[in-house]
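This report concerns only the one structure given below.
What follows is calculated from the coordinates using simple rules that are stated; it is not laboratory data. Please read all numbers here as calculations on a predicted model, not as lab measurements. Neighbour counts run over all protein chains shown; Cβ positions are idealised from the backbone, glycine included.
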Amino acid sequence: MLPEASPQWQQAIFIVATLFLIYQVWRGWKLGAVRGLLRLAALFCAWIGGSMAAGATGTFLALFSKIPPLLAPSVAAVVVGLIIYLVISFIAGLLFKRTDDHEGIIRLLFGFFGALLGLIYGLMLLYGGITLIRGLGTLGELRLVQAQREARPVSSEPMAQTVIKLKNSLELGESGGRLKGFDLLPTAYYDNIVKASMIAGNPQALQRFVQYPATLELLKNPKILAFLQDPALQKAADTRNFFPLLENKLFLSLLQDPELLAQLKNFDLTGAFNFALQGASEQPPSDPSQIKVQHGKYRQRVSPPSPPSTIQGKIDPLPNQTATPKAQ
């Protein structure tokens, strides 16, 4: 059983958030207007730099590390953003004075505007904290999925249970629903990370993912078929060395195909994941979430198991979705 949400934990989160906001107002008074303004500037620059890093390096980080592909952009954004923030903050501390370094009306104005900027700064950090807590909870769910795959008990991952309970408590009730609306990332983003991990460790689910109609439509593209049948792809997967693919002509042609990129942009990833986690005989759900990761529990409608199968490096021929009756 996965940990349930706790109203007491949610109250504790709100109390800590309130105390943190009061501390930031006090710290803003101490730092003064100029340093407070530069703190906001550092936060903004870190956000811009992190967003650019996520788009530019997230895919490569997923290729060359064990970080889940859907999570790699977030990791790249956090690392680059933190570096930018620390550099700007260090320079600001060297060049500009605090409130206590002034006197009279100047000191009062410096402190007042510094406190106001501290309030804004604290609200922005709490805003980002929503994403952080939900992201940590998703990592915890991934750890439990891995434990289940390795036939280990849930009790072997106490830290994962803690962050899952923290995430579920934050999302509890009407107030939690409003907080989710403030998150930078949609709920489907976190759900898809966990679903992708569940599918990756299940050959039957991988087979059903290929059988999803939108996936079959993608696989009709001759460029994709040629790339999947390229021995270089199989070699890269076996050795976990994907650098050679950066110079692979078939791979580069995929990245330069505008029709394929548009098709990928419109691909219903959530629907494909839901279909993969359902029975192979069922049709894709019209209502997007027959399967959800909700409040730390996986709800899955299970159909009779299909015969074991594996996904080969070459997709030739593609599996049929309906079996042809045998001749009597």
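Maximal additional length on extending the E259-F90 stretch stands at 56.2 nm, based on 0.36 nm per residue less the C-alpha distance.
Could you put R35, R27 in order, starting from the residue whose Cβ has the fewest other Cβ atoms within 10 Å? It would help to have the intermediate numbers written out before the result.
Numbers: R35 23, R27 17.
With the sparsest Cβ surroundings first, the list reads R27, R35.
Cα centroids of the stretch 101-169 and the stretch 181-236: 30 Å apart.
Global dimensions of the stretch 7-186 from alpha-carbon coordinates: Rg and Dmax equal 19.6, 68 Å.
Put a plus charge on the Cβ of each Lys and Arg, a minus charge on the Cβ of each Asp and Glu, and nothing anywhere else: the dipole of the stretch 80-208 about its Cα centre is then about 320 debye. Subtracting the Cα-Cα distance of L228 and K30 from 0.36 nm times their residue separation leaves 65.3 nm of extension gain.
Global size of the stretch 104-159: 21.4, 68 Å for Rg and Dmax (C-alpha atoms, Rg to one decimal, Dmax whole). Backbone geometry of the stretch 120-128 corresponds, through the Karplus equation with coefficients 6.51, -1.76 and 1.60 at θ = phi - 60°, to 3J(HN,Hα) couplings of 4, 4, x, 5, 5, 5, 5, 4, x Hz, x marking Gly and Pro.
Full extension of the chain between A151 and N248 yields a length gain of 31.1 nm, computed as 0.36 nm times the residue separation minus the alpha carbon distance.
Each semi-axis of the equivalent ellipsoid for the stretch 95-243 is √(5λ) with λ an eigenvalue of the Cα gyration tensor; in descending order they amount to 47, 22, 17 Å. The listed peptides 223-231, 157-165, ordered by packing as a protection proxy, come out as 157-165, 223-231 (highest mean of other Cβ atoms within 10 Å first).
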